[in-house]
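Where a number appears in this text, it was derived from the coordinates with a stated rule and is not lab data. Here the structure is a predicted model, which means the values were calculated and not measured. Here Cβ is always computed from backbone atoms with ideal geometry, including for glycine, and neighbour counts include all displayed protein chains.
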Amino acid sequence: MERKVIVIVGPTCSGKTKVSIDLATKLNTEIISADSRQIYKYLNIGTAKPSEKELKKIKHHFIDYLLPDQDYNVSKYEYDALEVIEKLFSENKLPIVTGGSGLYVRALIDGIFDAVDTDEEFRKEFNAKREKFGNQYLYDELKKVDPYSASNMLPQNWKRVMRALEVYHLTGKPISEFQAEYKRNSNINFIQIGIEWPREILYSNINERVDKMINNGFLDEVKHILEMGYSKNINALNTVGYKELISYLENEISFERAIELIKRNTRRYAKRQFTWFRKDNRIKWIKVNSEERLEEIPDYIINYISNLK
């Protein structure tokens, strides 16, 4: 059996979950999630996690995999996901990877550099500065020494920013240079399929999804997570939707403003996702403008991969 893996990517709300489940059903296989937030338990509504019915229908890996306060990183994901892929190969199954976390997808396909040592004193010093001056301070420091890496990060992803600063501190070289030089040897053919909607339709779908999330009890989900004793500052809750509703619960903004910000920030996130994936010219993009067109994608993918040499 040829070592192929189907990878379905695209911005949030583009229909990746539906396509991957329909495709997995047709191929009698399993799904490997590449979503850095669906990996956490209890974050269900706000991450648009597959329903219980969908999870029972098709086995998913890396969904409800961690407690919200457990540490995890992209290097661990690369290792763990490759193990699952090898297991599926041994069962003569064609693995399907799906998700919108671009760094997870890139690590799985190309590998990610993680060989430079750590410096605990450096981390303590810059953590103190972050607590005093905020995430933006670290981000501005990174822009000075490695603007390329900074352009692929956000200030709130402060752990990634800190790591990039640490690598530069220890080696005098930007982490982007190490990553550019590193290429994992792989005999797996990753076939990437991207789902692309017209922007105005995607943004309208995002707005509708947020309204459905609110109506389905998103606020109660956030309250429940906090009532379980999890800190609002954990990485899992540094996520669009959860952040805004926490601000509402702390009387910093109104409920209406929270919903407005969730919609705006989700649209911005979708734009960043699309920009990220557009940089990879290995992705075969499928244009979609209706639910009916979305229904056709699984058969299209099956035909497409069967004709690949």
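Details
- Considering helices alone, the calculated mean residue ellipticity of the chain at 222 nm is -17000 deg cm²/dmol, with DSSP H runs of length four and up weighted by -39500 (n - 2.57) and normalised per residue.
- Applying a DSSP loop filter and a limit of 15 other Cβ atoms within 10 Å to the trypsin sites (Lys or Arg not before Pro) in segment 187-224 leaves nothing.
- Ascending count of other beta-carbon atoms within 10 Å, so fewest first, for 118, 12, 98: 118, 12, 98
- Rounded to whole numbers, the Karplus 3J(HN,Hα) couplings from phi for segment 229-246 are x, 7, 6, 5, 8, 5, 4, 4, 8, 7, 9, 3, x, 5, 4, 5, 6, 5 Hz, using 6.51 cos²θ - 1.76 cosθ + 1.60 with θ = phi - 60°, and x at Gly and Pro.
- Residue 194 long-range amide H proximity, modeled H, under 5 Å: 9, 284, 285, 286
- Reported label for calculated Rg and Dmax of the Cα atoms in Å given (i) 18.9, 57; (ii) 19.8, 59; (iii) 21.3, 72: (ii)
- Inter-part distance, segment 73-148 to segment 163-231, computed on C-alpha centroids, equals 11 Å.
- Inter-centroid distance (Cα atoms) of segment 233-261 relative to segment 14-31, Å: 32
- Relative contact order of segment 120-181, taken over Cα pairs closer than 8 Å and 6 or more residues apart, is 29 percent.
- For segment 249-261, Karplus couplings with θ = phi - 60° (6.51, -1.76, 1.60), whole Hz, Gly/Pro x: 5, 8, 6, 8, 9, 7, 4, 4, 5, 4, 4, 4, 5
- Members of 4/232; 159/279; 16/173; 129/232 lying beyond 32 Å, as alpha-carbon distances in this model show: 4/232; 16/173
- Reachable aspartates and glutamates from residue 212, criterion Cα separation under 15 angstrom, eight or more residues apart if same chain: 220, 221, 256, 260
- Backbone geometry of segment 121-137 corresponds, through the Karplus equation with coefficients 6.51, -1.76 and 1.60 at θ = phi - 60°, to 3J(HN,Hα) couplings of 5, 4, 5, 4, 4, 6, 5, 5, 5, 5, 5, 7, 10, x, 4, 4, 4 Hz, x marking Gly and Pro.
- Placed amide H near residue 5: partners under 5 Å, 5+ positions off or other chain: 189, 190, 191
- For segment 120-181, Kirkwood radius (reciprocal of mean inverse C-alpha pair distance, Å): 11.4
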